[in-house]
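The values are calculated or read from the model by the stated rules, or taken from the named source; none is laboratory data. This one's a predicted model, so the numbers in the text were calculated from it and none came from an experiment. Cβ: placed from backbone, ideal geometry, glycine included. Neighbour counts: every protein chain shown. Please note that ligands, DNA and RNA were not included when accessible areas were found on the heavy atoms of the full protein model with its side chains. Shrake-Rupley method; radii C 1.70, N 1.55, O 1.52, S 1.80 Å.
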Amino acid sequence: MSARITVQAFFDSPTWTVTYVVTDNSTRHAAIIDPVLDYDFKAGRTSTTSADRVLAYVAEHRLHIDWILETHAHADHLSAARYLKAHVGGRIAIGENIRTVQATFKKVFNLERSFLPDGSQFDHLFKDGEIFRIGEVEATALLVPGHTPADMAYRVEDAVFVGDTLFMPDVGTARADFPGGDVHALYRSIRTLLALPAETTMYVCHDYPPASRAPQWQTTVGEQRAHNIHVHDGVSEEAFVAMRTARDATLDMPTLILPSIQVNVRAGDMPPPEDNGIRYLKIPVNMLGAQTR
């Protein structure tokens, strides 16, 4: 790992999600990647325990937050981006293809007319290959569609944060059966990531570990190329597509997909309150699942 940056991970066990704080050691400027807002599905209540752990770290190390980066509009947890921005600032950013995701799910959820699928809910939309800075450290936004059209990876020094595109080598790869997913695009995005130098440290957004080990989230490009069970070197696009398509057909929808997407396409904001002052999340009936594959 480059001496110029520090990476601190926060694992959220209910959603198997890893949030990262990436710090430029020389300036103490930092970025937060994929923050989690806790959500009790049964009660319909949010809480901020996970996000407050991040805030405590930021305060302890006296960090200045430049960015709150989303790798995509997650289907497995709600984003705490808005909550964190209110407390420590930073620009909320995602890939520019979020517009496609917003347009898709505006129809699924019949969102209010005032919701515009133009990405304006975010402070910045990255283009593929765009250079930005965390303090004085150069970073690059990489478009890696397939899991969703808007997936981004962020390369910072000799590290890359890949979101849901790849998991740990013994877990494999992301699904591609959500609305707008594309298994061929996923394969090509993975090969783009695996073309990075073998020593590149790779940080994944989720781990769903087998019973034989504890959760992990750090690997290397070389380890993925040699050992990823779905897409190691030598696996063709045709073979990957056949495997991934068959596997996706057996998977249940994520538990929190319905609340998560409605919040995450809004950059972590809730739907506007209705005339009684209460905010509501919708459950579209018979919309997701086999009908959308």
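Could you give the distance between the Cα centres of the range 24-93 and the range 161-185, to the whole Å?
Their Cα centres are 23 Å away from one another.
How many percent of the accessible area of the range 119-187 is carbon or sulfur, using a 1.4 Å probe?
48
Any idea which of LEU196, ASN228, GLY181 is furthest toward the positive side of the dipole for the range 90-233, if Lys and Arg beta-carbons carry +1 and Asp and Glu beta-carbons -1?
GLY181
Quote the relative contact order of the range 115-163 in percent (integer), defining contacts as alpha-carbon pairs under 8 Å separated by 6+ residues. Mind showing how you got there, number by number?
Working: 64 pairs, mean separation 11.2, N = 49.
Answer for the range 115-163 is 23 percent.
Give me, ordered by chain and number, the residues 5 or more places off HIS29 or on other chains with an amide H under 5 Å from its own placed amide H.
Answer set, sorted by chain and number: ASP24, HIS64.
Going toward the positive end of the dipole of the chain, with +1 on Lys and Arg Cβ and -1 on Asp and Glu Cβ, which of VAL265, ALA159, LEU63 do you reach last?
Positive-most Cα among the choices belongs to VAL265.
Per the 1.4 Å probe, what fraction of the accessible area of the range 209-293, in percent, lies on carbon and sulfur atoms? Spell out each step's value before the answer.
Values: 2610 of 4830 Å².
Taking all protein chains in place, the range 209-293 shows 54 percent carbon and sulfur surface.
Charges at C-beta only: +1 for Lys and Arg, -1 for Asp and Glu. How large is the resulting dipole of the range 160-209 about its Cα centre, in Debye rounded to 20? List each step's numbers first, then the result.
On the way: 3 positive and 6 negative charges, 35 e Å.
Result for the range 160-209 is approximately 160 debye, rounded to the nearest 20.
Just to be sure I understand: of the beta bridges DSSP finds with both ends in the chain, what percent are antiparallel, rounded to 5? Walk me through the numbers before you get to the answer.
On the way: 35 of 49 bridges.
Antiparallel bridges: around 70 percent, rounded to the nearest 5.
Per-residue ellipticity at 222 nm for the chain, helices alone: DSSP H runs ≥ 4 residues times -39500 (n - 2.57), over residue total, nearest 500 deg cm²/dmol?
The helix-only estimate for the chain comes to -7000 deg cm²/dmol at 222 nm.
If you bin the C-alpha pair distances of the range 152-230 every 10 Å from 0, what whole percents do you get?
The percentages, shortest bin first, are 19, 55, 24, 2.
Before I look further, what does the chain give for accessible area per residue, probe 1.4 Å, in whole square angstrom?
44
Out of the total accessible area of the range 12-100 (probe 1.4 Å, heavy atoms of protein only), what percent is carbon and sulfur? Can you show the working numbers first?
Working: 1730 of 3550 Å².
The computed percentage sits at 49.
With all pairs of different alpha carbon atoms counted, what Kirkwood hydrodynamic radius in Å does the range 33-89 show?
12.0
Just SER120, SER79, SER50 to compare: in a GNM of the chain, with alpha carbon springs under 10 Å, which one fluctuates most?
Of the options given, SER120 has the highest mean-square fluctuation.
Roughly how many nanometres apart are two label points built 7 Å out from the Cα toward the Cβ at ALA9 and THR140?
2.3
Using amide H atoms built 1.01 Å from N in the peptide plane, name the residues 5+ places from THR173, or on other chains, whose amide H lies under 5 Å from its own.
Hits under the 5 Å cutoff: PHE167.
Placing one identical point scatterer on every Cα of the range 1-102 and ignoring solvent, what is log10 I(q)/I(0) from the Debye formula at q = 0.11, 0.14, 0.22, 0.25 Å⁻¹?
Those come out to -0.33, -0.53, -1.19, -1.41, one per q.
Quick one: dipole size for the chain, taken about the Cα centre, charges +1 on Lys/Arg Cβ and -1 on Asp/Glu Cβ, in debye to the nearest 20. Let's see the in-between values first.
Numbers: 27 positive and 36 negative charges, 104 e Å.
Charge dipole of the chain: 500 debye, to the nearest 20.
Based on the mean of other beta carbon atoms within 10 Å per residue, what is the order of 22-34, 84-96, most packed first? The partial results should precede the final answer.
Values: 22-34: 21.8, 84-96: 20.2.
With the highest mean Cβ count within 10 Å placed first, the list reads 22-34, 84-96.
Evaluate the distance, in nm, between pseudo-label points positioned 7 Å from the Cα of GLU237 and of THR27 along their respective Cα→Cβ axes.
Label at GLU237, label at THR27, 3.9 nm between them.
Please give the charge dipole size of the range 44-192, origin at the Cα centre, charges +1 on K and R Cβ atoms and -1 on D and E Cβ atoms. Round to the nearest 20 debye.
Values: 16 positive and 20 negative charges, 98 e Å.
Charge dipole of the range 44-192: 480 debye, to the nearest 20.
Out of the DSSP beta bridges found with both residues in the range 93-156, what percent are antiparallel (nearest 5)?
75
Once you have the alpha carbon radius of gyration of the range 175-293, what is it after dividing by 2.2 N^0.38 Å, with N set to its residue count?
My calculation over the Cα atoms of the range 175-293 gives 1.34.
Using a 7 Å offset from the Cα along the Cα-to-Cβ direction at both GLU274 and HIS61, what is the distance between the two label points in nm, to one decimal?
Placing both labels 7 Å along Cα→Cβ, they lie 4.3 nm apart.
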